[in-house]
Each structure stands twice: as structure tokens, then as C-alpha cells.
């Protein structure tokens, strides 16, 4: 208390024998301040910093506790000491957010690679990669020999997700290991729109799902191994069994117990033992059976015929005591502990699939293979196999070395690997020098924290069958080689998100929308009542110059016309497209007469068609933004790509213009327009908006180009080099057609780019048919592949018969049918650039053909297959292999029906050549190797055997009497059409190819 003013200026509290002054008390007057607070704030901060340095840089929280008066009126959080941060920095506490768990299966995938084991598996595997679905926590595991097999393993897993679960991987989360962070992975992610999330350096907690799953699987694997006293080289089976059990708990069999495998009676005598004592080591993946291992012979068996002694272990404790059980436990535990401590290379988990049971030869560097498609039995065994969490189907393929139900074939539902024998060599441990030959050196656990070389795997360099062995550009001219390389360099996006990330494709989309708005293609209106708007999507393609350089990135907005209703949204839809046979005839004539070949493209062709009668609405294009608020749809004023009526509207407009400028529409092919003047001819053939112009009237060709440019917005693509996916090369020898890029894209899509090729597209004496007990295959995938092969047959007559056979099972394909499709693809790998050569011939008016038919060759319905080749001026122009519609009662009848098909094709060629201005001077010849069929055509013999084919007989007899056609006999050995009716031997097959004029300019020399 102030004695003069009697004012209370402070307050204290008696504690023990001392008064403690309350320094925060400000007195009773309003606005009064504590005497202590009157000290300058800057002086206090200076004093705090002085004490902070004197006391050895303690924390400011500790200083405030011990010296509270010093911090009165000072904000402690504003005090930051740089020296303390440098001296006492530590890792932040990691608090995972469990609420961020994905709600959609396969949207987020966690992945990790586990460190190499000192003890290899039976098949020589040392690494393991793990893929975990964030939503379901189901795990997929694969054994690896080296870390550079992670990329093929991920490709295989992604294909599995897309095929079996109809889902798409959007995000992959992993550490910063070189097996994930490399140019191969990054390019794959960019192409497919996958986001790659990586952990911060030395922060394995951010990949905690994978780390925890590693521990879970390894804990169970150790328990299985130790309880069954298993040898160390079976740890792969133990961890695979752990993955199987975790995904499928509960399970009913004891790992490591005695399992008696039944031996079929055809592999034993009456006095032999009927079972083989083995050890149970897991399950058969997609094969519905148990996986058992026979230690004396080191063979694996997968079978359902097993008798279990679950109370007995095959191995005893004495068997494993000499192998160092404790050291193996320490190895697994040590690896796991290091993973939990952090590092970019924390590992995955393991499985030992039956497909990879063969041990590699000692000292041999493993081959790295890209993942291949199902039923692929000829790819090297280093491709990792992804094991799925559920069993799907049985495998009925037999292994000749083991009982029929005991198989070692690839999983039918997954991309497979080479079909191995069950014989297994003892595991060998190669030296570090041997094992690293041709390999990238990756840092071991002991070198973590040190900088390593950037990991950049080269898959093709390590392939056993690289595609470079079967294709070369040495025989091409420099300009055409540049063209070939250019058209293969640009990848086309499949999704709008991928296109928007590339400025070239974004610009193409903007140009397309601008062109659509400029031509008043639609009008924005509110959604009408009672009307359904069709959807739309973007389709991307690349246009090339004659030198192969990119002339245009083309984005096309396509309406989803499949949702339209007939009679409401459209009426007339028919519009012809160019026949590939017509195009080949024109190219053959151009090669012989040295006609020019010019290619043009109509920009936004369908926008020239009007929608005057129909009322069609379309949803807004993806990426299109409307300024006005509210919901809008597009009322289409003009035809758009994808609409049912668009081709009809566009072709009607185009044909009307061509007739206006003096061209006549051909009756043999309505997409062919011809103009004759002064003994010269000009021909234009159009396929939607792509057109080719040829002829011997160069003045008229230039005039037509100007007329087209005045009516439509045209692109002059120069000399014909790339048309509808077909590569056209012109040289001194003639014109060469192939679909090299198409084949390579197909092989890449199916994972067969590094497969082992075969010599023929279909087996000789094959037995493809429909069977009651057949195992079904993926019908959608089968139909997609066969459809692409059908288009490929436009330039590959060598696969025409094989494609005709597999196309008969589109409605109900089986595994054997899928195997046949894969065989065709493997045959294509042997010569991706093989095609048809149109040589220069002096006599272009010579037309002939070869026709042949088998008899009752189809096992299912006993119908025959007929086929024919036709030649114009010595060049092969048309071919067909087709099953006949009725059953033939004799080989002569089957041949006769085949002759009728060949006659029709020759008559069509005759009419086409006549319209082009070429009048045949000689009789067309159709060669046949059946004398009975020739006799029937020339004489009314064997009426009882031919009365049911009277129409064909009279048709052929009429053409014979008019001397339009003749049927010379040809021996079976010289019958070219034999390859169109059945599978033949390798020698007969390649003899026919050379006579057909098929060559491979890309063949390595």
C-alpha cells in the first residue's frame, strides 16, 4: 500500500514463512499497469536472449517455467533460435490418417520390394514385390530374381486388374527405390495416366501399408516354416502360402504336413505304390488343387487327389537343425527390422509360383521378359507371375512327366510363362560377379544412404527373343526409314486426361471445338422433356507427312451413336466404305503402269452433312465449359462422327459433288469414282474422309484437287504412304503393302513383343472345335483380338485361314481357342513386316485364280472350308477362306462349291477392270486340283451326285460356254489355295508364300 495515497499497489500471498508477490496485479485504478510490466519489451527480449545463450540454449518453454517474470508480455512463439534448430533438429512424429482409406477397389495400390535373401528359392528367386489394394487390403505377390523385374510384374498385375476385375489403377504408392523411379516406369505412368506417389527420403512410415503387410506375411511365413521344420530353400512357398491364407482365412490344411499324391494307373504297374509321399507347400493359384513338393526328386505337383496326414510333419527338427534354423530366422527378422527403420528400398513380399519352378543354370544371367498374354507357353521363365487372392478356374493341360491332374502349366487366367518341366535342379548360389553380368548394380541394405547410379532397366536388351532379331530397316531408303520411325514415335492418348496434359493434343481439341462452333454444328438448349441426349467422347489420331513427320495432331469429337433409337433419332444409315480388294487392284495397276498415288484428307468431313429431318440432342463435350449458368445440351444441326445417320449424310453430300464435276460412281464399288476423257482415266476411292486419287491423267488429277479444295476443307498428304493403318512403300520393284506398326502395337498390347515366335499360324491337323467340357475364355478379349486379326488379314493372306478358323468361335471361346489366337500372334512376331508386293508386269490384263476346298474338315458340324486366291497382272489382289454354308457329301461337291465362289470373284474383277478401261483379251483361268469337280463343270455327268447343286452347276456352265472362264487342272503340290483350307506343314506353307508374292522388306540381313 502507498502510505501517502493509501492506494493498494500490490498483493502477495503467504507461503510458509515468506510472502510471494503477485507480479501480475495491476492495482485498483482503471488502466493501471503492473510495476514490473513497465519495463521496456525490447529490453526484456534482449535479456531473454542473453539468458538463453548463458544457459546453453535451453528451450524457451523451460525458460518460461523457471523464469516467469522474464516472459511477462512476451510472445514465446515469436522467439526462434536458428542455432537450436541446427543443433537439435529431429524427425516429426508421424500420425497416419486412417480416414483417407480408399473406398474404390484398385484406385490406390501400395507396392514395395523386399530385400534379397541369402538363400534362393528352388527356382533361384531372391526378391519379392508386393501389391496391396488400399480398399480391400488384399495382396498380390510375385517372386523376382532381380529388381529390374518389378516393371514387368506391375504390367502383369495391371493387366490382371483390368481383365479379371474390370477396374483401373489410378495411383501407385511406393518408396523412391530405383526399381520404381526410372524412365521406363515414368513413361508408362504418363502414357496410362497413373499417378505415382513416392515417400519422402528415409520416411518408410509413409508407405506403412506395405511395411505392415511385409511384417504380417513374414511373421506367418516364419511360423509355418518352423512349425513344419521346413528347409530354408522352401521359404518362397511358405510366404506364398501365407499370402494365400491371409487372403482366404480360414484354411483347412496344415502347411508342411505329409501329403500323399495319387499316381494315375497309366503311370504305374499293378504292384507299384499308388501314391507318392510329398510335403504340402501351398495351393495352386487358379488351378483348383493342392501344391505338393517331393524332396527326393525336387518336383512340384498340383493335384486334387491328395491324402493329408495333418498331424505329421514331413520334416523333423533334426532335418533343419543342420541347416541353421536360427540363422534363417535372424535373416528374415533382420530384413524386416531394417525395413521398419526407413529407407527408399523397403521391400515387398513373396510367392513361389509353380510356373517358375525350374532353377536357372549355374552362372547364367537371368533374362528379363516383358509380361505376356495368357496361354503363352514359349516365353522365358523370368517373367514374374502375379498370384491373385481367389481361385477362378481349373487347368486341363497335362504334363507328360507327371500325372494328368498334376500340372506345371501357366495360369489360364493370367499372363503366363514358359511351360517348364517339373524337374528341378538343386538351388545354386552364384558368385556376385557371375550374378551381376549384364545387370544393373543396385545398392544393398548396407549401402543405404549412399548415392547410387540411376536405375534404368532396358527390357528389350535382356529379352531372349527381341523383336530386333525379326525386323530391320537396312533395306529401306533413308527417306522411307525416316517415315517408318516417325509414325512409330508418337503415342496416341486413350483418355481425355492424358490428352489435356499434352499441349499438342490440347491444341487439337481446341481447334476441333472451334471448327464445330464455326460451322454451327450445334445449338445450346436446355434439356427437352421426353428426349434423351446421346453421350460423346474424344478420339485421337495423328496425321503424317510423306516424310513421316507429324503434320497434324487430330482430335475428333465422336457422338455415342449406339444409344440412339431407330425411328426416333435416325432413319437411313447406310453408307458404303471402300473395299480393300478394290484398293489392292488399283495399287496393282498403279505399280504396273507407274500411275501416281496421291492421298487427301477431308477436315471435319461429317460436318458437311445436314440433319434437317431428325431432332438429335447430345451432352456437352468433355472439357467444354458453358459461360451461362444452368444445364444445357447440344441440339445437333449437322452430322457428327458417331451418329448413326452421319455416314449416310456425308457420303450423300460427297457423291453428289463428284457427280456434279463429271465423275461416275462405279457399280462394282460405290466408293470408287471414275472419269474417262481423251482415252485417259482418273480414279478416286474414298474411305469415310480419307481418299486416294490415281490415274494416267495428271491434268485432271490437279483439277480435281482444286475442285475438292474449293468445296471442302482439304489436307494434301502428298504421296500415298500410310492409309487406314497400312504402310505403303514404293520402289523400283513395285509397291509394297504391310501393317508392321499395326502388328507391333498388337504384340505390345498383348504382351507378346518378346515372346518366342512360331513358324506357322496354325497347327497342322488341328482339332479346334466346340466341346461340352471346354474351359471358357474371356469372350470380350477374344472378340477384340480376333477382330484386330481380321483387319490385319487385309495385307496378310498367310494368316487368312487361321483367322477364319478362330473367328468361328466368337460366341463361345474356350482356352484352346485363345491358345490358337496366341499362336497367330506368335507367328506374326516371326515377321512383323511381312506383306504383299505388287510388282511391275507388262501384261496387266492377265487374270487368274486358284481355288481349293477340304472335305468335312470342321469337327463340330462337318462342313468344308473353301478358299481362293486371285491375281491381276501377276499380282495377288484378293483372297478368302470361308467355311461353306452346307455339308458337302463328297470332296468333289466341296470343290465344286468352292469353284463357284472363285468364279464370282473373277467376274467381279472382270467388271472392275472393264470400268477402269481395261478389256480382257483372254479367258480367265481358275486352277483346281480336283478332276471330278472339273468334269462336273464341263459335262452333265454324275447327275445323282450333283442334282442338289444344280444352281452352281448351271452358273459355272454358262460362263464356260461363253468362254469367260476356264478350269485348268493343277497338281495338289502346286495348288496355292491349299493354305486357305487347312493347316499345312512348314515347308508347304513357306513354298506357297514365295509363290504368292509375299515378301518382308524388314527381314534382318
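For residue 839 and residue 13 in the same chain, what is the full-extension length gain: residue separation times 0.36 nm, less their Cα-Cα distance, in nm? All intermediate terms of the calculation are to be shown ahead of the outcome.
Details: separation 826, 0.36 × 826 = 297.36 nm, distance 11.60 nm.
That works out to 285.8 nm of additional length.
Would you please give the FRET efficiency between residue 920 and residue 136, computed as 1/(1 + (r/R0)^6) with r the Cβ-Cβ distance and R0 = 60 Å, to the nearest 0.05? It would help to have the intermediate numbers written out before the result.
Values: r = 69 Å, r/R0 = 1.16.
Using R0 = 60 Å, I get an efficiency of 0.30.
Test of understanding: what is the full-extension gain from residue 904 to residue 957, defined as 0.36 nm times their sequence separation minus their Cα-Cα distance? Can you show the working numbers first?
Numbers: separation 53, 0.36 × 53 = 19.08 nm, distance 1.29 nm.
Contour length minus Cα-Cα distance gives 17.8 nm.
If each of residue 502 and residue 711 carries a label point 7 Å out from its Cα toward its Cβ, how far apart are those two points in nm?
3.4
Would you kindly state how much longer the chain becomes between residue 995 and residue 748 on full extension, computed as 0.36 nm times their sequence separation minus their alpha carbon distance, in nm to one decimal? The partial results should precede the final answer.
Details: separation 247, 0.36 × 247 = 88.92 nm, distance 3.07 nm.
Once the chain is fully extended between residue 995 and residue 748, it gains 85.9 nm.
What translational diffusion coefficient, in µm²/s and rounded to a whole number, does the Stokes-Einstein relation yield for the stretch 98-252 at 25 °C and a viscosity of 0.890 mPa s, taking the hydrodynamic radius as the Kirkwood radius over Cα pairs? List each step's numbers first, then the result.
On the way: Rh = 16.3 Å.
For the chosen part, D equals 150 µm²/s.
Compute the FRET efficiency between residue 118 and residue 267 as 1/(1 + (r/R0)^6), taking r as their Cβ-Cβ distance and R0 = 45 Å, and round to the nearest 0.05.
On the way: r = 38 Å, r/R0 = 0.84.
For R0 = 45 Å, the calculated efficiency reads 0.75.
Test of understanding: ordering 81, 536, 738, 767 by Cβ neighbours within 10 Å, fewest first, what list do you get? If you can, show how the numbers build up before the last one.
Working: 81 15, 536 21, 738 25, 767 8.
The fewest-first ordering by Cβ neighbours comes to 767, 81, 536, 738.
Given R₀ = 25 Å, FRET efficiency for residue 664-residue 603 by Cβ-Cβ distance, to 0.05? Can you show the working numbers first?
Values: r = 26 Å, r/R0 = 1.05.
The pair residue 664/residue 603 has a calculated efficiency of 0.45.
Give me P(r) over the stretch 842-970, computed from all C-alpha to C-alpha distances, binned every 10 Å, as integer percentages.
Spelled out bin by bin, the stretch 842-970 gives 13, 45, 31, 10, 1 percent.
Could you list 740, 637 in order of exposure, starting from the residue whose Cβ has the fewest other Cβ atoms within 10 Å?
The most exposed by this proxy come first: 637, 740.
Taking the convex hull of the Cα atoms, report for the stretch 719-820 its projected area averaged over all directions, in nm².
On the way: hull surface 32.2 nm².
Its average projected convex-hull area is 8.1 nm².
Which order results if 195, 281 are arranged by neighbouring Cβ count within 10 Å, fewest first?
Working: 195 11, 281 26.
So the ranking, lowest neighbour count to highest, is 195, 281.
Translational D (Stokes-Einstein, µm²/s) of the stretch 480-728 at 37 °C and 0.692 mPa s when Rh comes from the Kirkwood sum over C-alpha pairs? Display every interim value, and only then the final one.
Working: Rh = 19.7 Å.
Using the Kirkwood radius from Cα pairs, D works out to 167 µm²/s.
Any idea how far apart residue 626 and residue 181 come out in nm if each label point goes 7 Å out from Cα toward Cβ?
With each label placed 7 Å out from Cα toward Cβ, I get 4.6 nm.
Read the figures in this text as sums done on the coordinates, not as results from a lab. Model, not experiment: these values are computed from the prediction. Don't worry about glycine lacking a Cβ; one is built from the backbone with ideal geometry, like all the others, and counts go over all protein chains shown.
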